[in-house]
Amino acid sequence: MPKIDQSKLRKTEKMVLRDQKNNDVKNVIFPNGIQVGLDTDGFNFGIKLPNRDTAPSKTSNALYAIDGDIYFNGALVGQSGTLSIANGGTNNSSAYTSGRVIYSDGTSLVADPGLFWDDDSRSLGVAISPTARMHLASGTAAASTAPLKLETGVLMTTPEAGSIEYLTDTPYFTIATGEARKQIVLTDDASGLTTGRVPFGTTAGRLLDAAKLFWDNATAKLGIGHGAPIRDVHVKYESASGSSHLIPTITVENTRAYGAFSFATFEMIGGNGAMVGNVFADGRGYFLGGGRHSFYFRTNTSSPIVFGTNLTIRMLISETGNIGIGQNVPTARLHIAAGSTAASSAPIKLTSGAVMTTAEAGAIEFLTDDLYVTITTGAARKRIALTGDPVTMPVTSTSTTPYDIRASDAVILVDATAGGIAVNLPVMVEGRVIHVKKTDSSGNAVIVTPQGGDTIDGAATSSLAAQYDMIHLVAGPGTDWSEL
């Protein structure tokens, strides 16, 4: 309604219209054009706005009261969705319930039974007496009864703090700080999340329970495949097939190289916060060089690396690099604890096997009954003399041809009665002594032959023709057997 010009009211006489019959005041017209008075019937009151030629009526541009109803611009107040609040009044002789929201049903004002207004707290309730600024009643199982329903649409170009928006499958809320729009995270299942399971993001950013990932908040332990972890990280996998790729595995992978480095690392930190040691997977050969990849255990302090079984220390590498086996304070590069009288307790045990074709300096080898060491000069293999009590030499009798002298042979007695016999010397090991004797009286010879390329005092063979002929040979130096 236009504002009345108070100054004109003070300075200008108002115009008074009187009823022609009884001279009663019927209308008053103010200088700014507002007319207040009765209609042509003489008993309905209204206010006529400026620029109207007729007196107030319910069809004019006026505020008008008739039979308890109020009209404005010819329309009943309350139409077109206009709301008002009942305060115990009446309309067409019907009482309004206090606190109910009143609306127009097209012909009159009606108190909505489901809308409540609390004027003291300025609160609105939908189907419930409000206990908050906006209070919605719960829905039901029936369709179209949800307490609140949002229509999907476009998002505002500029987020506004406090706004709730919905686009396709994602609801948003804009926070006040920076007026930043944030996505409201939903679960991927209407049943929600399961206590103890670790959720993860899935389709459209929704959360889903990880069926094999558990967190025990009371003990701060993580279970992977285990619902009740007993260690800080507890990995469990149950496989009936036993396939190797189904073994519980923790993988640390680094696919990015930085300069000469390409590491994947575990680090161990002590109670004082200092790093005690770590494990490197060196994928570029940085530590060993030459592109040799390595798996590298190390300590970061002056501390040993310890290995144990059955809660007992079995071996360690000291802070100076010495290795102790059964010896916790090694004082040599390799320090082995003494054995005992029990079986399988010797400090060192060699298994008999073939000697290397090419001798290597420093190598210790064991073949049947002989122990060898190869010296540096000429990389010559030497037999370690073994003594017993008393000193004995093994004696072998044979009538077989050919006979290959074994590593355990020292004295070979040959019976050539049935025919000539070839005795083949072994691979030369410098210093080895061999004795061969013909024991029979026949004219059949015993021919002693070295390995290919070797000689006996420069000759390719040596022959024993008569009974009791004997040859005593010592190997070396070089490729020659020498007769003693």
So the strands (runs of 3 or more DSSP E) completely within the range 121-211 holding 3 or more residues that are of a type outside the set (A, V, I, L, M) are 170-174, 181-183, 197-201
From Thr131, Thr170, which residue is closer than 30 Å to Thr202 by Cα and modelled with pLDDT of 85 or more?
Thr170
If you go through the range 323-362 one residue at a time, how many are surrounded by 15 or more Cβ atoms within 10 Å (Cβ to Cβ) and either assigned to a loop (DSSP other than H, G, I, E, B) or among the basic types (Lys, Arg) (or both)?
5
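For every residue, the table says whether it meets (1) touching a residue at least 40 places away in the same chain (Cβ under 8 Å); (2) of a type in the set (S, T, N, Q); (3) in contact with a His (Cβ under 6 Å, 6 or more places away or on another chain).
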site	(1), (2), (3)
Thr341	no, yes, no
Ser344	no, yes, no
Tyr372	yes, no, no
Leu386	no, no, no
If Asp415 satisfies all but one of (1) acidic (Asp, Glu); (2) touching a strand residue (DSSP E or B) at 6+ places or on another chain (Cβ under 6 Å); (3) more than 28 Å from Ala380 (Cβ to Cβ), what's the number of the condition it fails?
(2)
Would you check which residues across the range 455-468 are assigned to a loop (DSSP other than H, G, I, E, B) and surrounded by 15 or more Cβ atoms within 10 Å (Cβ to Cβ) and list them?
none
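In this structure, does Glu253 turn out to be in a loop (DSSP other than H, G, I, E, B) and within 25 Å of the chain's Cα centre (by Cα)?
Details: in a loop (DSSP other than H, G, I, E, B): yes; within 25 Å of the chain's Cα centre (by Cα): yes.
When the stated conditions are applied, Glu253 passes them.
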Subset of the range 428-454, residues closer than 25 Å to Gly378 by Cα, crowded, with 17+ Cβ neighbours inside 10 Å and out of contact with any strand residue (DSSP E or B) (no Cβ under 6 Å at 6 or more places or on another chain), comes to Asp454
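The values are calculated or read from the model by the stated rules, or taken from the named source; none is laboratory data. Quick caveat, the model's predicted, so the values are computed rather than measured. Please note: Cβ atoms are built from the backbone with ideal geometry, for glycine as well, and neighbour counts cover all protein chains shown.
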